[in-house]
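*Asks:* Dropping a structure here in structure tokens format, bear with me for questions.
The values are calculated or read from the model by the stated rules, or taken from the named source; none is laboratory data. Source: prediction; values computed, not measured. As a convention, Cβ positions derive from the backbone with ideal geometry for all residues, glycine included, and neighbour counts pool all protein chains shown.
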Amino acid sequence: MTQEALPITVRNVTKTYGRVHALDDVSLDVKSGEFLTLLGPSGSGKTTLLMVLAGFTRPDQGSLKFGDREMIRTPPHLRDVGMVFQNYALFPHMTVAGNVAYPLKLRRTPKAEIAERVERALETVQLGGYGERRIDQLSGGQRQRVALARSIVFEPRILLMDEPLSALDKKLRDRMQIELRHLHEKLGMTTVYVTHDQREALTMSDRIAVVNHGRIMQLADPQSLYEQPENKFVADFIGDSTFLPVHREGSSIVAGGTDLTVTRPVPEAEKHLLMLRPERVRLLTGPAPEGVNAFEATVTDLVYQGESYLLYARLRDGTEIAVRGAIRSETFAELPKPGATAQLGLDAADTVLIADTEG
Ligand code: ADP
Ligand code: MG
């Protein structure tokens, strides 16, 4: 990279379409050189926010800065932003090189320089020597690489990607996730990436902003987001979880009939839920060790899933919880069958309480 990466500052951005709040008072800081992902369900406002950053959508209110410069009034082609879309948006009648050269032609780059930069961009995405191919001769993965080469060929300081891998099959997507990550490490540009796939977000991001109904529900690094979600929406959207209502009896915190040992901070709230991740709950064979919260339950279902099993069990209060375990460490045949009583254990360190609020 010849140019320095730039931080992005979004302040109080609102965008409505009729009665829909596509963006509802969004503020966000993307650090210089960071890979930040907007993660949320369909219709949550991810694309709208990306379009505001790119300059294709003008918000009703709010401010946007790249570095120290206010950008809201700057047209897209003067924002120095590279973009990759889900559907590639390549020109099918042009060659690979023609497509990649396009942003340089728009910027009136000298001809001699164009050829060299196009080839360099193609090498970066591992398509060196593909310049003369036609777009319709390429596979989906190769087309997405061409779109990527086109977005980085003019060395933008900011790269925006909107579900760029969602049209690819799973194996290719997994590989491209790692490749995009490497490419980001190499080029170092500030990157805002959009996906609705939580695993993709966890795999790729320095930080993730979880978006719902045009609002940011939580912004954190992948591990904090998974282990200490701040609200039920985030806990539910990222990973699997069951929630148990919690009540207080004096200084005790009780859930599912068990007096909980808690090591993590309990958020300020009137009501709480205990978050149970299936892979953090385990079957106990003897009495619960020190620091493990135990729940007595009746097994309702047991499912073989190849690398792991999934066991469903009902607590005394009627709540059903799921337990996932590796099949290598426990023989499937030895697991308790439906109808059997099981002791389920949850380490105090995995005992995460969440404020039970709507939103
Ligand atoms: P996402 O990318 O997270 O799926 P979008 O940003 O595309 O969500 O959309 C957010 C909300 O705004 C949706 O309810 C969508 O229908 C609405 N919306 C987005 N763009 C337009 C538009 N041009 N006209 C009307 N409604 C729109
Ligand atoms: Mg979208």
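*Asks:* Against the condition in contact with a helix residue (DSSP H, G or I) (Cβ under 8 Å, 6 or more places away or on another chain) and surrounded by 14 or more Cβ atoms within 10 Å (Cβ to Cβ), how does Met83 come out, does it pass?
*Replies:* yes
*Asks:* Could you please give the count of residues in region 37-64 that are under 28 Å from Ala149 (Cβ atoms) and away from ligand 2 (no atom under 16 Å from the Cβ)?
*Replies:* Total meeting the criteria: 2.
*Asks:* Do any residues in region 179-197 that are under 18 Å from Gly141 (Cα atoms) have Cβ atoms under 6 Å from those of residues that are assigned to a helix (DSSP H, G or I) and away from ligand 2 (no atom under 16 Å from the Cβ), where the two are at least six apart or on different chains, and which pairs are they?
*Replies:* Final answer for the pair search is Arg181/Met204.
*Asks:* Counting only residues that are assigned to a strand (DSSP E or B) and among the β-branched types (Val, Ile, Thr), which one in region 63-94 is farthest from Gly140 (Cα to Cα)?
*Replies:* In this case the residue turns out to be Val81.
*Asks:* Right, another one. Return yes or no: is Met71 away from ligand 2 (no atom under 16 Å from the Cβ) and modelled with pLDDT of 95 or more?
*Replies:* Answer is yes for this residue.
*Asks:* Any residue in region 270-295 that is over 22 Å from Glu249 (Cβ atoms) sitting within a Cβ distance under 7 Å of a residue that is of a type in the set (Ser, Thr, Tyr)? List the pairs, counting only those 6 or more apart or interchain.
*Replies:* Once the first residue is over 22 Å from Glu249 (Cβ atoms) and sits in region 270-295, its partners that are of a type in the set (Ser, Thr, Tyr) give Arg277/Ser241.
*Asks:* OK, next. Looking only at region 27-55, count how many residues are more than 8 Å from ligand 1 (Cβ to nearest atom), touching a helix residue (DSSP H, G or I) at 6+ places or on another chain (Cβ under 7 Å) and part of a loop (DSSP other than H, G, I, E, B).
*Replies:* Total meeting the criteria: 1.
*Asks:* Could you grab the pairs with beta carbons closer than 7 Å, sequence gap of 6+ or different chains, first residue in region 201-222 and assigned by TED's automatic domain parsing to the domain that holds Arg173 and under 15 Å from Val13 (Cα atoms), second one in a strand (DSSP E or B) and small (Gly, Ala, Ser)?
*Replies:* Gly214/Ala22; Ile216/Ala209
*Asks:* Only residues in region 4-16 that are over 13 Å from Arg69 (Cα atoms) and assigned by TED's automatic domain parsing to the domain that holds His213 count as the first member; pair them with residues that are of a type in the set (Asp, Glu) and in a loop (DSSP other than H, G, I, E, B), Cβ under 7 angstrom, at least 6 apart or cross-chain, and list the lot.
*Replies:* Thr14/Asp60; Lys15/Asp60; Thr16/Asp60
*Asks:* Further question on the same structure: Restricting attention to region 1-26, which residues are in contact with a Leu (Cβ under 6 Å, 6 or more places away or on another chain) and outside any strand (DSSP E or B)?
*Replies:* Met1
*Asks:* Search region 157-171 for residues that are in contact (Cβ under 8 Å) with a residue 12 or more places away in the chain and more than 21 Å from Ser139 (Cβ to Cβ) and pair each with any residue that is aromatic (Phe, Trp, Tyr) and crowded, with 20+ Cβ neighbours inside 10 Å when their beta-carbon atoms are under 9 Å apart and the residues are at least 6 apart or on different chains.
*Replies:* These pairs meet every condition: Arg157/Phe66; Ile158/Phe66; Leu159/Tyr193; Leu160/Tyr193.
*Asks:* Restricting to helices (runs of 4 or more DSSP H) lying wholly in region 182-296: which have 3 or more residues that are modelled with pLDDT of 95 or more, closer than 30 Å to Val20 by Cα and within 16 Å of ligand 2 (Cβ to nearest atom)?
*Replies:* 198-204
*Asks:* Oh, and also: Filter region 150-172 for residues that are surrounded by fewer than 18 Cβ atoms within 10 Å (Cβ to Cβ) and in a helix (DSSP H, G or I) and give the result.
*Replies:* Lys170, Lys171, Leu172 - these are the residues of region 150-172 that are surrounded by fewer than 18 Cβ atoms within 10 Å (Cβ to Cβ) and in a helix (DSSP H, G or I).
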